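Heads up: the structure comes next, in structure tokens.
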Amino acid sequence: MYLKINFDNIDYLKLGNERQQKAYTDIIQHKILEILKPYHPIVTGTIPIEIDLPESDIDIICKCKDHNEFKSVVTHHFSKMQGFHLYTRKQNDKKVTIAEFRTENFLIELFAQNIPTKQQNAYLHMITEHAILQEKGNSFQQEIIKLKASGLKTEPAFAKLLGLKGDPYEEILKLQRK
């Protein structure tokens, strides 16, 4: 049975496992999504789909046209947070701005680029991986977590278990299009 989750609204975290509930609390307490609302934020990564490790961070993707404006907003609201770090670079020939800081329980990573959030790879990977987890079940999920605990990143772990060849990040995206 496929459980559809509305990843646009983090209420599902409130009803989830212990780490998801802590993630929800930290996000709400620090008003992170409220502050980032103009940038269409979506929580992505491993915590929403329950394949996170104890050290996994909370990934939040954003769409921004003006990186200087985004940096100004993020600096204004989060620069006093522990471990605050902000930088802009090129990734896959696109300008991205990344901010990192700590809340009580998590490292938060904000990732902004001028692509609608639902078209960003982090979102597309998460949606595809969630569908695979729903289809393959709990034992597959546990194998992914084991591979991640042994040092593999998420997409390479999926690629290994699914027998995908080539760049795991690209191969996961190809599955999404099928």
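Computed from the coordinates by the stated procedures, all read-outs in this text should not be read as laboratory data. All values derive from a computational prediction rather than experimental measurement. Ideal geometry is used to build each Cβ from the backbone, glycine not excepted, and the neighbour counts take in all protein chains shown.
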| field | Scope segment 76-117; condition aromatic (Phe, Trp, Tyr), part of a strand (DSSP E or B) and under 24 Å from Arg19 (Cβ atoms); matching residues | value | Phe84, Phe101, Phe111
| message | Could you check segment 56-75 and list, in sequence order, the residues that are among the hydroxyl-bearing types (Ser, Thr, Tyr) and either part of a helix (DSSP H, G or I) or over 30 Å from Lys4 (Cβ atoms) (or both)? | response | Ser72, Thr75
| query | Mind checking which residues of segment 89-104 are surrounded by 13 or more Cβ atoms within 10 Å (Cβ to Cβ), over 12 Å from Lys65 (Cα atoms) and of a type outside the set (A, V, I, L, M, F, W, C)? | reply | Glu100, Arg102, Thr103
| message | Checking Gln119 against (1) in contact (Cβ under 8 Å) with a residue 40 or more places away in the chain; (2) of a type in the set (S, T, N, Q); (3) under 30 Å from Lys37 (Cα atoms), only one condition comes out false. Which one? | response | (1)
| request: Return a yes/no flag: does segment 131-142 have any residue that is within 18 Å of Ile47 (Cα to Cα), without any contact (Cβ under 8 Å) to a residue 60 or more places away in the chain and under 18 Å from the mean Cα position of the chain (by Cα). | output: yes
| Considering only residues of segment 63-98 that are of a type outside the set (Val, Ile, Thr) and in contact with a His (Cβ under 7 Å, 6 or more places away or on another chain), which is farthest from Val43 (Cα to Cα)? | Lys95
